[in-house]
Structure formats: structure tokens, C-alpha cells
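Okay, so here's the structure we're looking at.
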Amino acid sequence: MLGRGRRPLGAFGPWLIAIIAVLAVFVDIPKHQISFPFNCPGICLKVGDFQVNQEIKTHLGLDLQGGTQLILRMQTEKLPAGNTQTPSQLQQLAMKVIERRINSLGVSEPVLQGVGDDKILLELPGVDDLAQANDIATRQAFLEIKVPDADHPGQYKSLQPPLTGANLKPTFVTFQNGTKPVINFEFTNGDDQRWVQLSKDFYQKPVQITLDGKEISAPTINAIFTDGRGIIEGGFTAKSASELSLLLNSGALPVPLEVIQSSRVEPTLGQESVQRSLVAGAIGLFLVAFFMIAYYRLPGVIAVIALLYYTALTYALFRLVPVTLTLAGVAGFILSIGMAVDANVLTFERLKEELRAGKSLRNAVEAGRVRAFPSILYSNLATIMTAGILFWFGTGTVKGFALTLAIGVAMSFFTAVVVTQMLLHGAIEIASLRQRRLYGVEERAVDTGAPRSTAAVSP
């Protein structure tokens, strides 16, 4: 039997749930900023080497906000002789590089599809600048270190085999003298020893660092290296250094690409679809709330409050992760709302069964929770596993649907087993809310020989 005052998460549970609710509502507010310790759109925090720079906004897909659509052709004729990879293999490798690059640059959930054996369809939500889109998709990002050519003074030549960025660890940006951005890199897989040997062979001589055949830096080696680390200087701004670092981390394209078709996609259809989806969602929520309150009464009211909590928390996570919302993603979110209601239905039906069996209200609430928990757990777990499979094997909008569904189901499980139970335990501490009829169960008569009267359920 639960002692008086026991609630899920202990004595501090209600305060924790309330704080999470306040933070979720705050994150859901559009167009706000937290300026700590310096101005930026979103949440910015820097403590020592730990840094967070998270913009808070709702990311919309191409079908909801418009963007750019490109068709790219692989220029296989420009590949060096002796290439053994098939067009299909090159296409898959190029798509993986483009996806990593675009996600790193903040263009969430691109749509990438192979068209035939030598073309790629690319959709970039929110990118209006065609020139920027072309640069993102077709920039080779091929880094190479070249050394002085003794036969041609003032020129540089490639090492044999070339020392490229193929074996770089993830690069990152730091600032020299507090203001000058440089890109830090480190070779691995044997190239680190080649880098060390290069510093010995060309001590006090310049080496050239090129990107896609163009020089970006030509530093003079003033020390013998002891590992594969180095920096790239080139008069970068903070933005250009960050973009170059992200490009290097995404890898070089395995084959040159050219844009053979580009178009700007307007969001007119998306706006209309969003409005219809919002209307449909509002009607659905109203009907669900009406049914829950009419059938389950006080637990139904609690379920509606928990559902509002769930909606605020899930949408806040979508903005923080961030999740790119497409029409398919919105469908996944709405489907997860159904899972949240289903969990409450299971709990309340068990509660009514325990009350009809003659148990006190506290015992009925606890027994209902224990009996409903396995069904809630397994149904939610099965849905999350299915979403995981869709996310792993799917692409584009399928991944968006799977991600929103998985997050939504996880949050619905939290609200059903924690928030709803906490509200129920809080309700039974109020004497006026202990009437059995408030829980959808007929009142028990008090057998005293006197006329039948209404009795409150034992707490």
C-alpha cells in the first residue's frame, strides 16, 4: 500500500516535472533568445573547453518551407585511368558524402535519391540561394599537401603517393591570439608518419596546402613534427573556417559532380497542407479530450493535462534536437499522440477494474499502474523498434517520420508512467476528489439498514 504523500520520482518529483514543463513551454515560444554569456540566436554557453551553441527554431522540410532542388550528374569521364569502382558504387559514395556535408552545414534532412546510374536528385529545405546550393553539392573538398618542386623553383608537386585528407581525423577550429581562426588537423593510418617525415625532409621550406587544386595556405616548416598534427592558416573568417572544417570532416567527393538542373521550390502547397494538418490535429485533439473526459471523468481530465504536457515537451525536443518537420514527420507526431492516449486508456481501465473489485482508491491506483505497465512498455517498445528499423533503412522523409514517431512515443511513455501517475496520486490526496463516480465507477452503498446514501471511496 502506498503511504500518504508517496508519488513517482519521490518528494522532488512534482517540482522536477513542473520545471521541465516551464522549460518546454519556454523553448516552444517562437523567436526568442538566451544571451549567455554572449549574444547569439538560441542557447550559447561556454565553460572552459565545453561549448554549446544551439539555435532554437522549428526546422521545416522542403514540402513545408520550400527550398532548392538540384539534379547532379557524375562526371565519370574526369576520373583518373585505372578507376575500378562502378557508377553505382560511386553514386552511393557521393550520396553519403553529400548527406554528411549538408547535415554538418545545418541543412537538415536533405532528400537524396539516385536517378539512373549517373545522376543524383538533391533537395535542400530552406536553401533559397541556388549558387550556395550548387557550391554545397558540387564542391570537391579534396585536400592535398604538396612539396617544393626542385626542378621548377617556385612551384609545388604532389608526393608519391599523394598526401591527401583521406586519413584525417575530424578537424576543428581554434583561434590564434584570440582572434585569428585556424583549422586544426591530424593525420592517422600511416599518414601521420609521412607528415613527420615531410617535416624532416623539408625543414625551413614551405609546403603547399591545396583544396580542390587551389592554394589555401603555404606555411614554412619551422620545427620537426613529432606527430601527425598541424594547422591550416589562410586568412579565414570564423564562418569560412568553420565551413571548411565541416567540408573536410564530411570527406571529399569520389567523383566530380555538375549541376544539370536546378529549381527553386515554393512552399505554397506546404503552407496549405500545414493549415489543413493543424485543423485536423485540433479537431482530433478536441474529440479525444471530449471522449476521455466523458468516459473516464476525473482521470480523463488528468489525461488531457498530461497530453498537453506531452505535446509541449515533444515539440520542445523537436526544436532542440533539432528535428526537421515534413508532412511525414507531422504524421509521425500525430500517431505518437494516439500512443499517448492509448497508454492512459490502459491505465484507467485497470484502475476501474481494481475499484470495482473493492480496493481502496490508493491501492487501486497503484495496482492499476502495476498491471498496466507491462502492456504500455511492450507496445511502446515495439513501436520504437519499428521506427528504428525505418530510420536505419529509410531515406529522406521516411527517416523524418521514423524519428518524430520514436521521439513522440518515448515522450508518451514518460508522460503516461510518470506525469499521469503523479497527477493521479496528487488528486487522491484531495478529499473532494475521492468520489468513486469521479473515476467512472458506481458508488458503493453503505449497508447500515438506513436509506442508501452516497459514500466516498476510502483513500
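Bear in mind that the values in this text are calculations on the coordinates, not laboratory data. Everything quoted here is computed from the prediction, not taken from an experiment.
Just a few scattered comments:
- Close amide H pairs (under 5 Å, H built 1.01 Å from N) link Tyr156 with Asp149, residues at least 5 positions away or on another chain.
- Coupling constants for segment 319-329 follow from the phi torsions by the Karplus curve (6.51 cos²θ - 1.76 cosθ + 1.60, θ = phi - 60°), and in residue order they are 6, 7, 4, x, 9, 7, 8, 10, 4, 5, x Hz; glycine and proline get x.
- For Leu60, the residues whose amide H sits under 5 Å from its own are Leu325, ignoring neighbours fewer than 5 places away on the same chain, with H placed 1.01 Å from N.
- Integer Hz, Karplus 6.51/-1.76/1.60 couplings in order for segment 70-77, x for Gly and Pro: 10, 10, 10, 10, 7, 8, 5, 5
- Residues with amide H under 5 Å from that of Val265, placed H, sequence gap 5 or more: Gly67, Thr68, Gln69
- Note that segment 330-340 has calculated 3J(HN,Hα) couplings of 4, 4, x, 5, 5, 4, 5, 4, x, 5, 5 Hz, one per residue in order, obtained from phi through the Karplus relation 6.51 cos²θ - 1.76 cosθ + 1.60 (θ = phi - 60°); glycine and proline are x.
- Each residue of segment 352-401 gets 74 Å³ once the volume of the Cα convex hull is shared out per residue.
- Segment 143-250: translational diffusion in µm²/s, Stokes-Einstein, Kirkwood Rh over Cα pairs, 20 °C, 1.002 mPa s: 151
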